[in-house]
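Reviewing the structure listed below.
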């Protein structure tokens with residue numbers, strides 16, 4: 001399979017190594033020195049890991065060119081509806097996830113299940129902590145936002161998330177920390193006067209994210225439409 005890498009930083013290079021190990025070919029590498037619009041080579045799927053300010057344009061260009069795309073860039077969620085509408089209009093293919101790690105996606109489901117239980121115990125106040133390396137520019141992380149949305153979907157007493165200190169009991173606090181080295185740690189906390197309940201996911205390296213992105217790209221090639229990790233994992 002021919003994979004186009006959009007973004008050739010640390011994650012892009014890690015993805016390249018895993019893709020080659022799995023017998024795939026690299027159709028091209030798009031980075032600061034070249035332009036995605038100029039790419040015309042044969043390709044089966046693109047993997048996009050760039051910056052929030054570049055992701056939307058990159059995705060639309062892939063749809064224009066008929067290239068299925070796996071996107072792991074976070075921080076552009078306020079434009080997701082626009083991107084998905086553009087994808088549908090162009091007959092394109094997209095799978096976006098805030099995190100491609102198998103462990104994190106299991107963690108997402110555990111988080112939703114726990115929130116459904118804790119909905120009945122208002123004495124426990126819920127919050128989320130996320131810690132990443134200092135090179136991560138968006139805060140909170142896309143994974144933390146996905147966790148927050150999982151709580152909001154299953155807990156009626158919370159109506160929105162907020163970065164930092166909350167202003168009302170209906171808000172869910174997300175606390176972001178930037179410390180080197182830290183590939184990513186997410187903690188969902190339920191705290192009461194009597195005890196605390198916490199669930200934690202800790203990434204040890206980028207390999208889990210990169211492997212997930214490559215395996216998803218292999219699965220996505222040849223498909224049409226908009227997909228999620230639930231579709232891939234058959235959840």
Item checked: Prolate/oblate/rounded call for the range 76-135, Cα gyration tensor, a/c under 1.5 rounded -> prolate
Notebook entry, point to check: What is the helix-to-structure angle for 142-154, meaning the angle in degrees between its Cα long axis and the longest Cα principal axis of the chain, kept from 0 to 90 and rounded to the nearest 10?
Noted result: 50
Notebook entry, point to check: With a 10 Å Cβ neighbour count serving as the proxy for reagent exposure, in which order, fewest first, do 86, 113 appear?
Noted result: 113, 86
Check: So what's the angle, to the nearest 10 degrees on a 0 to 90 scale, between helix 102-118 and the longest Cα principal axis of the chain?
Finding: 30
Notebook entry, point to check: If you project the alpha carbons of the range 100-147 onto the principal axes, what extent comes out on each, in Å, largest first?
Noted result: 39, 23, 11
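Sort 172, 102 so that the residue with the fewest other Cβ atoms within 10 Å of its own Cβ comes first and the one with the most comes last.
102, 172
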Next item on the list: Could you tell me how many degrees, from 0 to 90 and to the nearest 10, lie between the Cα long axis of helix 10-21 and the main elongation axis, the longest principal axis, of the Cα atoms of the chain?
Entry: 60
Item checked: Among beta bridges that DSSP assigns inside the chain, antiparallel share in %, nearest 5 -> 35
Next item on the list: Mind ranking 33-40, 54-61 by how tightly packed they are, going by the mean number of other C-beta atoms within 10 angstrom, highest first?
Entry: 54-61, 33-40
Checklist line | Rounded if a/c under 1.5, otherwise prolate or oblate - the range 102-202, Cα gyration tensor axes | finding: prolate
Next item on the list: Using 0.36 nm per residue of separation minus the Cα-Cα distance, give me the extension gain between residue 200 and residue 85 in nm, one decimal.
Entry: 38.0 nm
Check: Tell me, how many Å apart are the Cα centres for the range 1-35 and for the range 46-108?
Finding: 16
Check: Any idea how far the Cα center of the range 208-235 sits from the one of the range 134-187, in Å?
Finding: 25
Next item on the list: Determine the shape class of the range 3-76: with a ≥ b ≥ c the square roots of the Cα gyration tensor eigenvalues, call it rounded for a/c under 1.5, and otherwise prolate if a/b is greater than b/c, oblate otherwise.
Entry: oblate
Note to self: As a footprinting exposure proxy, order 228, 131 by other Cβ within 10 Å, with the fewest listed first.
What the structure shows: 228, 131
Next item on the list: May I ask you to compute the full-extension gain from residue 20 to residue 113, defined as 0.36 nm times their residue separation minus their alpha-carbon distance, rounded to one decimal in nm?
Entry: 29.8 nm
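None of the figures in this text is laboratory data; all of them are computed from the coordinates on show. Keep in mind that what you see is a predicted model, and the values were worked out from it rather than measured. Neighbour counts are summed over all protein chains in view; Cβ atoms, including those assigned to glycine, are modelled from backbone coordinates with ideal geometry.
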